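Here the structure comes first, spelled out in structure tokens, and everything after it is commentary.
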Amino acid sequence: MPLETKHRILLLYASQNGQAKAIAEEIAEAADGKGFIADLYCVSQMEEFNLEKERAPVVIIASTTGVGEVPDTARKFAQKLKSDLPANFYSHIKYAVLALGDSNYCCFANGGKIIDKCLQQLGAQHFYATGYADDGVGLELVVEPWIEGLWDALKELCQKQKEEINSDAEKILDTNDVSTTNKSFELSDIELRLEANVPPTAKDSFNSSEGVEQNPIVAGLQECCLVPTWVKSEKPLSETALNIPSLPVVYLNVEFQKSTVQVCEQECFLLAPDITLFQVPVTKAISLTREDAVKTALFLELDISKTSMTYEPGDAFSIICPNSKSEVEELIQRLGLANKKNHVVEINIIPNNKKKGAHLPEYIPKRSTLQFILTWCLEIRSVPKKACLRALAEYTSDSSEKRRLQELSSKQGTADYTRYMRDHNICLLDILRALPSCRPPLSLLLEHLPKLQVRSYSAASSPKYHPGKLHFVFNIVEFPSCPEKPIKRRGVCTGWLAEQVTSMLQNYENETIISDCLSNGFELPQISIFSRHNPFFHLPAVMAAPIIMVGPGTGIAPFIGFLQHRQKQKEENPDFASGETWLFYGCRHHDRDYLFRNELKGFQDNGTLTQLKVCFSRDLPKDTTAGKPKYVQHLLHLFAEDVAKMLLDENGYFYVCGDGKNMAKDVASSLTEIVSEKLGVDTLVAMKVLADLREEKRYLQDVWT
């Protein structure tokens, strides 16, 4: 009886923060149990695979970064696809794409869409419908069913290919006038077409009839807020038979060695060749809000005069920041490794492990200490994926605690995972606090926690207005921790920055000269940054074009840079006519959190800012019939005629910056209504008009969640 042949698939991922990579790795691990063997590569490893000669099915998992761009790791791959290649260059390719994105941002899942479109234009053909997973509502809602359907689609494709090959073989063998030599040649050609198949191998120990449960969710930049009720299982889940995913393969071996070697935190962030890292001092720190404001907003000034860093108004930059020192210390204590926190961690791949594409985490420098790894390398605030919860269950001795982890990692527990873990951003430390019998080894953290991500901020200045300086603004993010420990937890980066500038913090209404600090021997805090150019959020090239800016709260930051730049442009070109400049701004209270109010008045007085429209959501009169606007979208309606005229009749530009989860969507809805009324068309037509404006790069967003 012939042995069952396992079919090879080429599995590629384009990952920015590790989500696409994690999904691809789990697919690779599940492949064997489904009758396939996956060759797994990052798309940046172009020397390891060759699409020109590829005959196996190709599966691509692609995330999105920036303003709808492909990840940094996929730049060269995308450039090759966009190069001058013949129309049918990849006509032999059968492929499927899973595109990851967040609908709270513009250009949803566009990284995957770009790759998909390029392959289509080069003649490649889908064998399975493209999946679009939305991190705004939960990636797993699309990822899990998409992966389930992938295996059937692959089996169907391989069966068709097998039938075609058998049919070709029969035709060749039935041809009587073909010489033996020619037959040998033709059969060799058929063998080449069978190169997608490989001999069967023994099943890996982690396989089960259910395969591996997929879940790519990570926490991104959000913070944790524990809801203790997640620990207790409720009916009917507590009485349900579970389809527990297979145990993830253990592939890292960890040993400790005493050493005094110091590693630089910058070594953790392997940047693209075209990215340069700069260490710069914070030269000014100002609190822009009153002490009784709901949120504390800080303004920081960085001195970049001694670097080669450049930026334009509208650009962003990223900061390398560490995890909370107290959380790192607590995690080390909880792992039982307090006596080894300053020991070097030697990490090696376990020989002959079953992990597909097993490799050492490249973001952990060699000879790093335990404390360094947990401080600078791992995102300890991330929401553990289901695979991590499944692994944690194996190191949990209490039966009820173990059962709960199994539930949360199971298919039946998806609703609980989303409701508790994901929606409340439960992190590993929260889990270890709540489940005392869970005692994982360090290797589990290294295998399952993602890389600590940089945090990005919009520039709030113009290099023309402030040469050699870079300004930015942020709210100090604060969340209550678990009720068992009633303390506030700050944002990873915002909390760290606030600590760095405590001793030099000034008040907005009573600024002191920073040189006083310098003359007193004050040592300025240093931070590591790199620029992130955003060419799709710059001022119009033509000064005569009107601009409308909508930026409540700290969303005003890039528009301060816009106004500074426009003022300098007018000073340098007094004879040039400039278009109208409107700003719609909103905050809670006029006296508590009205950011940059003095600067905005100055821009109005000198004519740089044509119109300033402001609303205060918490200063509304008790008489709700007074009709005062509460939010910026309401302000837009009050000036609908002006907005429509500038945008539709005068080829104006519309900019939105701030909260992408609510504000940006509400602004888009208001603008749709304004366009609909102006043009006398229905909502669908108005939405098409806005889509065209986006395509023309005249409706631009810089939003976050």
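At-a-glance table
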read-out	value
Hits in the stretch 550-567 - residues which are touching a helix residue (DSSP H, G or I) at 6+ places or on another chain (Cβ under 8 Å) and open to solvent by 10 Å² or more (accessible area, probe 1.4 Å)	552, 567
Scope the stretch 67-115; condition within 20 Å of residue 19 (Cα to Cα) and of a type in the set (A, V, I, L, M); matching residues	67, 70, 74, 78, 96, 97, 98, 99, 100, 109, 114, 115
Residue under evaluation residue 570, criteria (1) open to solvent by 40 Å² or more (accessible area, probe 1.4 Å); (2) in a loop (DSSP other than H, G, I, E, B), criterion not met	(2)
Selected residue (criterion: nearest to residue 421 (Cα to Cα)) from residues of the stretch 114-143 that are touching a His at 6+ places or on another chain (Cβ under 9 Å) and part of a loop (DSSP other than H, G, I, E, B)	124
Hey, residue 128 open to solvent by less than 20 Å² (accessible area, probe 1.4 Å) and aromatic (Phe, Trp, Tyr) or not	no
Residue that is farthest from residue 378 (Cα to Cα), among those in the stretch 245-267 that are of a type in the set (Val, Ile, Thr) and modelled with pLDDT of 90 or more	249
Test: residue in the stretch 148-167 that is more than 27 Å from residue 423 (Cβ to Cβ), touching a strand residue (DSSP E or B) at 6+ places or on another chain (Cβ under 8 Å), among the aliphatic types (A, V, I, L, M) and free of Cβ contacts under 8 Å to residues at least 60 places away in the same chain	yes
Pair list, Cβ < 7 Å and 6+ apart or interchain, from the stretch 647-664 residues that are more than 8 Å from residue 549 (Cα to Cα) to residues that are open to solvent by 40 Å² or more (accessible area, probe 1.4 Å) and charged (D, E, K, R)	648/678
The lone exception for residue 451 - which of (1) closer than 23 Å to residue 16 by Cβ; (2) open to solvent by less than 20 Å² (accessible area, probe 1.4 Å) it fails	(2)
Criterion: open to solvent by 10 Å² or more (accessible area, probe 1.4 Å), out of contact with any Gly (no Cβ under 9 Å at 6 or more places or on another chain) and without any contact (Cβ under 8 Å) to a residue 40 or more places away in the chain - qualifying residue of 577, 544	577
Filtered residues of the stretch 426-452 (kept if among the polar types (S, T, N, Q) and either in contact with a Ser or Thr (Cβ under 9 Å, 6 or more places away or on another chain) or free of Cβ contacts under 8 Å to residues at least 60 places away in the same chain (or both))	437
Strands (runs of 3 or more DSSP E) within the stretch 265-356 that include 3 or more residues closer than 21 Å to residue 451 by Cβ	316-320, 344-349
Matching option when the condition is closer than 18 Å to residue 656 by Cα and over 32 Å from the mean Cα position of the chain (by Cα), among 568, 601, 613	613
One residue from 23, 27, 37, 9 being β-branched (Val, Ile, Thr) and open to solvent by 10 Å² or more (accessible area, probe 1.4 Å)	37
Only one of 415, 391 that is aliphatic (A, V, I, L, M), more than 24 Å from residue 279 (Cα to Cα), surrounded by fewer than 18 Cβ atoms within 10 Å (Cβ to Cβ) and within 25 Å of the chain's Cα centre (by Cα)	415
Checking residue 111 against (1) more than 19 Å from the chain's Cα centre (by Cα); (2) in a helix (DSSP H, G or I), the condition it does not meet	(1)
Residues of the stretch 580-595 that turn out to be open to solvent by 10 Å² or more (accessible area, probe 1.4 Å) and assigned to a loop (DSSP other than H, G, I, E, B), as a count	8
Flag if residue 428 is of a type outside the set (Ser, Thr, Tyr) and either open to solvent by less than 10 Å² (accessible area, probe 1.4 Å) or over 30 Å from residue 493 (Cβ atoms) (or both)	yes
Test: residue 80 is touching a Ser or Thr at 6+ places or on another chain (Cβ under 8 Å), assigned to a helix (DSSP H, G or I) and either within 29 Å of residue 382 (Cα to Cα) or in contact (Cβ under 8 Å) with a residue 24 or more places away in the chain (or both)	no
Hits in the stretch 454-465 - residues which are touching a helix residue (DSSP H, G or I) at 6+ places or on another chain (Cβ under 8 Å) and either open to solvent by 50 Å² or more (accessible area, probe 1.4 Å) or free of Cβ contacts under 8 Å to residues at least 24 places away in the same chain (or both)	464, 465
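The values are calculated or read from the model by the stated rules, or taken from the named source; none is laboratory data. Only a predicted model underlies this, so the values are computations on that prediction, with no experimental measurement involved. Here the Cβ is made from the backbone with ideal geometry for all residues, glycine too, and neighbour counts use every protein chain on show. To get the accessible areas, we keep the full protein, side chains included, count just its heavy atoms, and leave off ligands, DNA and RNA. Shrake-Rupley method; radii C 1.70, N 1.55, O 1.52, S 1.80 Å.
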